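> I'd like to ask you about the structure that follows.
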Amino acid sequence: MAFNEDFDAYFNEFAVVCSHTSGDFDAIFDNEYYAVDDGDAGIMSAQPRLVCKSSDVSTVVPYDVVTVSAQNYKIIEIMPDGTGITILRLMQQ
């Protein structure tokens, strides 16, 4: 049995409008700050990402540019989860 979920209510509540050359789409922007402890001096960074409906981002490819809140980001990884959601890992331009 295939997983078939309606994500519209979730995205209507939390999403921002993002722009891509193929058109605008709604996504949830996350810019989690994290620290990696390597035993000596830790590395601290942020990892911007978009949580999207897979059907909205079926045409994006790595190194495409998306605009979120007037900021450009390069897509560095596309991670579909098999449930209809895709996470786009981003790098600020």
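> Cβ contacts < 8 Å: first residue of a type in the set (D, E, K, R), restricted to the range 22-33; second residue part of a strand (DSSP E or B) and loosely packed, with under 12 Cβ neighbours inside 10 Å, any location; separation 6+ or different chain. Result?
Here the result reads ASP24/VAL17; ASP26/VAL17; GLU32/ALA46, each pair linking the range 22-33 to a residue that is part of a strand (DSSP E or B) and loosely packed, with under 12 Cβ neighbours inside 10 Å.
> Okay, next question. Could you check how many residues of the range 1-29 are aromatic (Phe, Trp, Tyr), in contact with an Asp or Glu (Cβ under 7 Å, 6 or more places away or on another chain) and modelled with pLDDT of 95 or more?
1
> Applying the selection to the range 30-66, what residues are aromatic (Phe, Trp, Tyr) and modelled with pLDDT of 95 or more? Outline the logic, then answer.
Start the filter on the range 30-66 by keeping residues that are aromatic (Phe, Trp, Tyr), which leaves 33-34, 63.
Within the range 30-66, just TYR63 meets the criteria.
> Taking ASN12, is it of a type in the set (S, T, N, Q) and under 14 Å from LEU88 (Cα atoms)? Lay out the reasoning, then the answer.
Values: of a type in the set (S, T, N, Q): yes; under 14 Å from LEU88 (Cα atoms): no.
Judged against the criteria, ASN12 is not a match.
The values are calculated or read from the model by the stated rules, or taken from the named source; none is laboratory data. What you see is a predicted model; the values in this text were computed from it and never measured. Here the Cβ is made from the backbone with ideal geometry for all residues, glycine too, and neighbour counts use every protein chain on show.
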